[in-house]
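Read-outs: derived from the displayed coordinates by stated rules, not from any lab. Fair warning: this is a prediction, and the values are worked out from it, not measured in the lab. Ideal geometry is used to build each Cβ from the backbone, glycine not excepted, and the neighbour counts take in all protein chains shown.
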2 protein chains.
Amino acid sequence: MSQITSPAAASAPSASPGQAREVPGGPDRRQRKKRRTRDDLVQAALALFEAKGYDRTAVHEITEAVDVSERTFFRYFASKEDLVLSFVRDGMTAFAEALAARPPQEEPLTATRGAFQISLRHLVGGTAGDVPSYLSVIRLIDSTPTLLAAHLRYIHEREDEVVRVLAQREGVDPAIDRRPRLLAAMIGALVFLANRDWQAGDNQEPEAMAAAFDGYADEIASALSGHWTAAR
Amino acid sequence: MSQITSPAAASAPSASPGQAREVPGGPDRRQRKKRRTRDDLVQAALALFEAKGYDRTAVHEITEAVDVSERTFFRYFASKEDLVLSFVRDGMTAFAEALAARPPQEEPLTATRGAFQISLRHLVGGTAGDVPSYLSVIRLIDSTPTLLAAHLRYIHEREDEVVRVLAQREGVDPAIDRRPRLLAAMIGALVFLANRDWQAGDNQEPEAMAAAFDGYADEIASALSGHWTAAR
DNA sequence: TGACAAATGTCATCGACTGACATTACATTA
DNA sequence: TAATGTAATGTCAGTCGATGACATTTGTCA
């Protein structure tokens, strides 16, 4: 196996040349099988987590449901947490890329907001992601301290990427200018808050999360200066 | 034992009435012993973490150094992480209290900055805390992914407290007004950044962290609006 | 001193993970 | 088609963190 942790490892089965007798795929059954067991593991895991809770579900229960050895699980995922976090990774990557691709004349915060909207669309058309399952994963993470910690750490790990992109966009040196780090940290907080609101609210559409994010972004200024007795 | 996880559990030994023959303490030798083993565990643990790294140090190594059973360790600390986080707890509590005690006419951000300064002083005169050991703990946390995750989660756990205090100070309802949550999240980010800068820098004085915090707080506005090509 | 309770020790067990090595399944090439 | 190399999986043993149950020690106080 090339590398643990890759969410979209398998490529689409390519049509084989010559006398193509078997439609479902070429001679690389390996890829298909790998893909298959990985998907099965994720499926089984989510179902069990949903039913019994994350930490009341043992890895061997997952692997028994799929009928592979426990060892195999850890060949696909670095840890139990890792399986869950794999859902989040795509979104983060999409955000970082979208941010880098944002027109340079946009101000940092503007670019950030735009990038976030884009990355949300990725959520819909994404590789493995239907929205409701992503939502349920977010809920799972948010309600499981272990996963919450892992998620926060992951966000933090990725922050440096954002710092670099922001600094580069604005042509400043992140080693001496604090603003990139500051904004990146705040973005992390915003994303987190938006996720929470979305997950706790009624509207399951991704647009609802976009709205939550924008709502927070709008209120930053008002939250940071003066007293709050005014608006709602 | 009353409860796991209490950082400053033991009370100062009270002078016993009657013929006080033994100066070092009254008849509550239990308290003293408890206090003693707890301190020993912390000491041994930090020394070993320092020497070998956090996750290359097994709990039984710590307990062997202190000569207690491994089980005892988990009667004092909920987990290995918990021992390390106990250092952070005091500071968080001090901050929350300082924030609540801040004069009501202060604006949220102003009060926050003031409370942070106060909580830093607690660090110096605090129950068990000399500055250099606190510093080394922060460094340890920052360089150990496991601990980093735990720390982030802990900060996040405590955020609700801050939200309540902020909301109450300003007389708004945190359930409908996003600003308390938003500011609390940003404070968390600021504290984290300040800790990092302090820990990475040369100046070991707590004032250096205060300066870092203020530096970030000052730049918030500038980081959130316009392009950055201007100041350093 | 005796009795009660707190602190500790001991033992068994679970669950996450890892390394080493054997086995199976696929792919490729002669 | 058979031989062969390699990727994927299985098996096994072991470490480490953590927890429950129960026995034992050790202060405390009447």
Using a label point 7 Å beyond Cα on the Cα-Cβ vector, give me the inter-copy distances for B:R32 in nanometres, one decimal, shortest first. 7.7
What share of all Cα pairs of region A:78-232, in percent, falls into each consecutive 5 Å distance bin? 2, 9, 17, 21, 21, 15, 10, 5, 1, 0
Just how far, in whole angstrom, is region A:185-232 from region A:103-173 if you go by their alpha carbon centroids? 14
Please report the net charge: other residues with Cβ closer than 11 Å to the Cβ of B:Q117, K and R +1, D and E -1. +1
Can you tell me, using C-alpha contacts under 8 Å and at least 6 residues apart, the relative contact order of region A:44-158 as a whole percent? 23
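Hey, got the average number of other protein chain Cβ atoms within 10 angstrom for residues in A:184-194?
Shielding by partners across A:184-194 averages 5.
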So what are the ³J(HN,Hα) numbers for region A:159-164, from phi and the Karplus equation (6.51, -1.76, 1.60; θ = phi - 60°), rounded to whole Hz, Gly and Pro as x? 4, 4, 4, 4, 4, 4
Sorted by Cβ neighbour density within 10 Å, fewest at the top, the residues A:H60, A:H227: A:H60, A:H227
Proximal lysines relative to A:K33, as straight alpha-carbon distance under 25 Å, when same-chain residues fewer than 8 apart are discounted: A:K80
Fewest-first sequence of B:D202, B:D39, A:D142 by Cβ atoms within 10 Å of each Cβ: B:D202, B:D39, A:D142
With the 8 Å Cα cutoff and a minimum separation of six or more residues, chain A has a relative contact order in percent of 15
Under a plain spin-label model, where a point goes 7 Å from the Cα along Cα-to-Cβ, how far apart in nm are B:R139 and B:R121? 2.8
For A:A58, which inter-copy label distances result when the label point lies 7 Å beyond Cα on the Cα-to-Cβ vector, reported in nm to one decimal and in ascending order? 2.2
Run the label-point distances for B:P132 please: 7 Å along Cα to Cβ, every other copy, nanometres, shortest first. 6.1
Please identify, among A:Q117, A:Q199, A:Q168, the residue showing maximal mean-square fluctuation in a Gaussian network model of chain A using a 10 angstrom Cα cutoff. A:Q168
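Treating the beta-carbon of each Lys and Arg as +1 and of each Asp and Glu as -1, no other charges, what is the dipole magnitude of chain A about its Cα centre, to the nearest 20 debye? Could you put the intermediate results ahead of the total?
Numbers: 28 positive and 32 negative charges, 160 e Å.
Result for chain A is approximately 760 debye, rounded to the nearest 20.
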Measure off 7 Å from each Cα along the Cα-to-Cβ vector at A:R36 and B:R30, then give the distance between these two points in nanometres to one decimal. 6.4
Determine the dipole magnitude for region B:116-176: charges of +1 sit on the beta-carbon of Lys and Arg, -1 on that of Asp and Glu, nothing else is charged, the reference point is the Cα centre, and the result goes in debye to the nearest 20. 180
If you take the charge dipole of region A:23-137 about its Cα centre, with +1 on Lys and Arg Cβ and -1 on Asp and Glu Cβ, which of A:A78, A:L46, A:I118 is farthest toward its positive end? A:A78
Simple label model, 7 Å out from Cα along Cβ direction - B:A211 to A:S225, nm: 2.7
Total charge dipole magnitude, region B:53-124, about the Cα centre, Cβ charges on Lys, Arg, Asp, Glu only, Debye to nearest 20: 200
